[in-house]
Amino acid sequence: MENSVEMRTWLDDLGLDHPLVIAGPCSAETEEQVLGIAKALKDTDVNYFRAGIWKPRTRPGNFEGVGALGLKWLQKVKAETGMKTATEVANKDHVKLALEHDIDLLWIGARSTVSPFIIQEIADELKGTDKIVLVKNPVNPDLSLWLGAIERLYTADIKKLGVIHRGFSTYEKTKYRNIPEWQLAIELQQKYPDLPLICDPSHITGKRDMIFDVSQTALDLNYDGLMIETHTDPDNAWSDAAQQVTPTTLVQIMKDLRIRKETVAGEDYNSTIAQLRAQIDVIDNQLIETLGKRMKVAKDIGELKKTKNVAVLQNNRWNEILGKMILEGEQKGLSEEFVLKMFKAIHQESINHQEKILKA
Ligand code: PEP
Ligand code: MN
């Protein structure tokens, strides 16, 4: 599959002067809830009203969605507010029903993108339609799976495409519900610059007070839009209560975001530099995060040395690390002088931490 402008004509045709906004509840719960939220979003910048009808839940026993009944409520949303609608599909029956109910945009969830069988089934069912289909990243940080899903749809003649970056699950606990791993989305963006890229800060953060920051990072990285879960009574939502915002908060978020306008002639430089700087910010954050992790392991070693009564400084080990890192650095174009300086500083910080433990 080649990069193609065809993939983004549906988005360009909307002629928006702001990022695309998809908003609405995690789950459709009742007709009143769905219509209430839609009416609150009607006269805002929201372009598509989302609601999950079939909810993939990690463990059984949680609310699994209202099913096909919810499609009627989405039709009512369109009839009563004029908003276009969006829902998640996870198999061919969902696609059939969504098409019958004239849902405007379909997205494929993170748990489906991991399965080429499911993606192929959905692609086959969609063949011959001109639906907009957005593919969420797979649960695990595997760029090929994500690309594979896009390619299967493209091959089935689905040309109105896009991707949604909703973060990746990790075993380790982080401040995110799903860690963003921005570099993966950046890689995808570089491979397919015309494939619309949408950020879902709700599922990345899992917490409503982090949504603004993640949305801003996405816009700084030149994303085309945002999908934000919105509910009139978030605390009592039947799913994903902690991450949903009220319509009022959504409007405020959209107002506060620094939105970079289309580049006009001569502004190319500013736009490119802003995007590159955003990439540097992402990498710097990863550096700090990684250094923090390294210090934590160094502290564990310190504890162990204390119980075994071993000296903090182990010269052989240290020389071995340095030798290896100088070689690795060389391969990445880093000078020996720089690698030495950097590792000396890191090593000193480790020793300081370990000595503190030994003296405690
Ligand atoms: C959702 O959008 O409500 C959803 C279930 O998302 P994901 O597939 O990203 O978990
Ligand atoms: Mn959700």
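Identify the residue in region 133-145 that is free of Cβ contacts under 8 Å to residues at least 60 places away in the same chain and crowded, with 23+ Cβ neighbours inside 10 Å and, among all such residues, is farthest from Ile22 (Cα to Cα).
Filtering region 133-145 down to residues free of Cβ contacts under 8 Å to residues at least 60 places away in the same chain leaves 133, 135, 137-145.
With crowded, with 23+ Cβ neighbours inside 10 Å added as a condition, the list becomes 133, 135, 137-138.
On the way: Val133: 13, Val135: 14, Asn137: 17, Pro138: 20 Å.
Applying the filter and picking the extreme gives Pro138.
When you look at Thr249, is it in a loop (DSSP other than H, G, I, E, B) and of a type in the set (Val, Ile, Thr), yes or no? Write out each step before concluding.
Values: in a loop (DSSP other than H, G, I, E, B): no; of a type in the set (Val, Ile, Thr): yes.
Against the criterion (in a loop (DSSP other than H, G, I, E, B) and of a type in the set (Val, Ile, Thr)), Thr249 does not qualify.
Does at least one position in region 57-68 carry a residue that is without any contact (Cβ under 8 Å) to a residue 40 or more places away in the chain, over 20 Å from Ala241 (Cα atoms) and either open to solvent by 30 Å² or more (accessible area, probe 1.4 Å) or within 13 Å of ligand 2 (Cβ to nearest atom) (or both)?
yes
Considering only residues that are in a strand (DSSP E or B), of a type in the set (Val, Ile, Thr) and either within 16 Å of ligand 2 (Cβ to nearest atom) or over 26 Å from Ala218 (Cβ atoms) (or both), which ones fall in region 136-164? Show your work before the answer.
Of all residues in region 136-164, those in a strand (DSSP E or B) come to 136, 161-164.
Filter again for of a type in the set (Val, Ile, Thr), leaving 163-164.
Result: Ile164, single match.
Inside region 190-221, can you point out the residues that are within 16 Å of ligand 2 (Cβ to nearest atom) and part of a loop (DSSP other than H, G, I, E, B)?
Of everything in region 190-221, those that are within 16 Å of ligand 2 (Cβ to nearest atom) and part of a loop (DSSP other than H, G, I, E, B) turn out to be Asp200, Gly206, Lys207.
Mind checking whether some residue in region 277-286 is in contact (Cβ under 8 Å) with a residue 24 or more places away in the chain, polar (S, T, N, Q), surrounded by 11 or more Cβ atoms within 10 Å (Cβ to Cβ) and in the same structural domain as Tyr176 (by TED's automatic domain parsing)?
no
Kindly provide the set of residues from region 102-115 that are part of a loop (DSSP other than H, G, I, E, B) and crowded, with 21+ Cβ neighbours inside 10 Å, ordered by number.
Listed by number, the residues that qualify are Ile103, Gly109.
Working only within region 230-246, note down all residues that are aliphatic (A, V, I, L, M) and either within 12 Å of ligand 2 (Cβ to nearest atom) or open to solvent by 10 Å² or more (accessible area, probe 1.4 Å) (or both). Before the answer, list the steps.
The first filter runs over region 230-246 and keeps only residues aliphatic (A, V, I, L, M), leaving 237, 241-242, 245.
Those that are aliphatic (A, V, I, L, M) and either within 12 Å of ligand 2 (Cβ to nearest atom) or open to solvent by 10 Å² or more (accessible area, probe 1.4 Å) (or both): Ala237, Ala241, Ala242.
Quick one: Ile179 ticks every box in (1) surrounded by 18 or more Cβ atoms within 10 Å (Cβ to Cβ); (2) within 11 Å of the chain's Cα centre (by Cα) except a single one, so which number is it?
(1)
How do the pairs read when you match residues in region 159-179 that are among the hydroxyl-bearing types (Ser, Thr, Tyr) with residues anywhere that are not in a loop (DSSP other than H, G, I, E, B), using Cβ under 9 Å and keeping only pairs 6 or more apart or on different chains?
As it stands, the answer is Ser169/Ala110; Ser169/Ile179; Thr170/Ile179; Thr174/Glu289; Tyr176/Ile204; Tyr176/Thr205; Tyr176/Met210; Tyr176/Val214, since those pairs meet every condition given.
Which condition number does Ile259 fail, the rest of (1) within 16 Å of ligand 1 (Cβ to nearest atom); (2) open to solvent by 30 Å² or more (accessible area, probe 1.4 Å); (3) assigned to a loop (DSSP other than H, G, I, E, B) being met?
Failing condition for Ile259: (1).
Of these, Glu349, Glu320, which one is touching a residue at least 24 places away in the same chain (Cβ under 8 Å), surrounded by 11 or more Cβ atoms within 10 Å (Cβ to Cβ) and not assigned by TED's automatic domain parsing to the domain that holds Gln183?
Values: Glu320 fails: touching a residue at least 24 places away in the same chain (Cβ under 8 Å).
Matching residue, one of Glu349, Glu320: Glu349.
For region 213-229, how many residues are crowded, with 19+ Cβ neighbours inside 10 Å and either more than 25 Å from Val135 (Cα to Cα) or without any contact (Cβ under 8 Å) to a residue 60 or more places away in the chain (or both)?
Result for region 213-229: 3.
Has region 116-132 got any residue that is within 22 Å of Leu11 (Cβ to Cβ), in a loop (DSSP other than H, G, I, E, B) and open to solvent by less than 10 Å² (accessible area, probe 1.4 Å)?
no
Taking Gln183 as the residue in question, decide whether it is in a helix (DSSP H, G or I) and without any contact (Cβ under 8 Å) to a residue 24 or more places away in the chain.
In short, no.
For region 1-56, which positions are open to solvent by 50 Å² or more (accessible area, probe 1.4 Å) and closer than 19 Å to Asp235 by Cα?
Listed by number, the residues that qualify are Glu31, Glu32.
The values are calculated or read from the model by the stated rules, or taken from the named source; none is laboratory data. Just so it is clear, the structure is predicted and the values come from calculations on it, not from any experiment. Glycine gets a Cβ as well: all are built from the backbone with ideal geometry, and neighbour counts include every protein chain shown. SASA here: full protein model, heavy atoms, side chains in, ligands and nucleic acids out. Shrake-Rupley method; radii C 1.70, N 1.55, O 1.52, S 1.80 Å.
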